[in-house]
Amino acid sequence: MSCEIKQAFDHPDVRSRATSATGALDRISLRDHIVEVEIGAFQAERGLMQRICFNVVVEVRPLSGDIGDDVDKILSYDKVTEAIATALGEERLNLLETLAERVAELILWEPQAMRVFVRIEKLDRGPGALGVEIVRSHVEEASAAEVEDGPHPQVLFLSNAALQSENLSGWIDQLVGADMPALICVDMPDMAAPQSLAPMAQRRIDLLALEQNAWVLAGFDARCVVVETRTELDWAMKNGQISVWAPSKIILDAIDGPTVNERSALNLATWFAQAMGAIRFVTVGAPKLAHSSGLDVIEVDVLDTHI
């Protein structure tokens, strides 16, 4: 038992050696790679950089023939640190488990990588290190060609005037009958939101005001489902569900979040359409966009029956 406990808390290399079958694979390792990042599910961890430590071991398929001291023929340490940087750069994460999964997945796309041990620890959350460790193996049949390109939706922005229009049901009918997935963004409510002296608190208040309006639309038409995560949005687009965007989670978790005025619902909807790879961005009853950033924008008046 004491040997198992020592193995559990030792570097993943020890676990790799202990669990390898006959004919052990070669290994490369990364030890005590420390990065400062904003991560965590608790409110106290938002807006705060903390140190996390990575220890990674990759078991690799031995190369046949002479590599000729050529770095391009091996799985280099840079691939491991690049996987970490890429996973951290995708979005703000709540869980170390999610981060570990993404790092492992990126490493295992390398043809030589057969099995990877990823340990990640938070160094600043208490007197000791708090962390997770996962082991993942290469799936032989997986290939880059099998990665499905995500759906490209049309995004509809509804002003408050549009939400109150007698044409609203007809517009939703058109979304249901279209041959592309549909996402809806709504305007800020007409009523003024509460005001806070703390910028982070005000940001939350404004985003929640948008979500209140999203629920107003959902209450009007059951075909419109309020959705807050990228995973749910992707599922909805693949399954013909019309989603109404609840922005708080995606915006607060985004690494490269909106640089626009977040109190402008139209600006946020434009950012969201770009982030979702929209092929069509329709605004109903909204002011003219100053910057569309390459989006195919269609501006519709609230009196128009067709979108």
(request) Please specify each residue of region 161-194 satisfying the condition of being part of a helix (DSSP H, G or I), surrounded by fewer than 20 Cβ atoms within 10 Å (Cβ to Cβ) and among the small types (Gly, Ala, Ser). (result) ALA161, SER169, GLY170, GLY177
(request) Six or more apart or on different chains, Cβ under 7 Å: which pairs go from a residue in region 210-222 that's on the phi < 0 side of the Ramachandran plot and assigned by TED's automatic domain parsing to the domain that holds ASP173 to one that's loosely packed, with under 14 Cβ neighbours inside 10 Å and modelled with pLDDT of 95 or more? Could you list them? (result) ASP221/SER169
(message) Could you tell me how many of the residues in region 91-104 are of a type outside the set (Val, Ile, Thr), surrounded by 15 or more Cβ atoms within 10 Å (Cβ to Cβ) and assigned to a helix (DSSP H, G or I)?
(response) 6
(message) Checking the structure you have, find out if any residue of region 117-125 is within 23 Å of LEU252 (Cα to Cα), buried (at least 16 other Cβ atoms within 10 Å of the Cβ) and modelled with pLDDT under 90.
(response) yes
(message) Whether any residue in region 44-57 is in a helix (DSSP H, G or I), modelled with pLDDT under 90 and under 19 Å from the mean Cα position of the chain (by Cα) is what I want to check.
(response) yes
(message) Suppose we filter region 177-209 for residues that are more than 12 Å from SER248 (Cβ to Cβ) and either without any contact (Cβ under 8 Å) to a residue 24 or more places away in the chain or in contact with a Phe, Trp or Tyr (Cβ under 8 Å, 6 or more places away or on another chain) (or both); how many remain?
(response) 18
(request) Within region 208-243, work out how many residues are surrounded by fewer than 14 Cβ atoms within 10 Å (Cβ to Cβ), within 24 Å of GLU91 (Cβ to Cβ) and not aromatic (Phe, Trp, Tyr). (result) 4
(request) Quick one: which residue in THR283, THR229, THR270 is assigned by TED's automatic domain parsing to the domain that holds MET180 and within 17 Å of PRO151 (Cβ to Cβ)? (result) THR229
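The values are calculated or read from the model by the stated rules, or taken from the named source; none is laboratory data. Here the structure is a predicted model, which means the values were calculated and not measured. With ideal geometry, Cβ positions are generated from the backbone for all residues, glycine too; neighbour counts draw on all protein chains shown.
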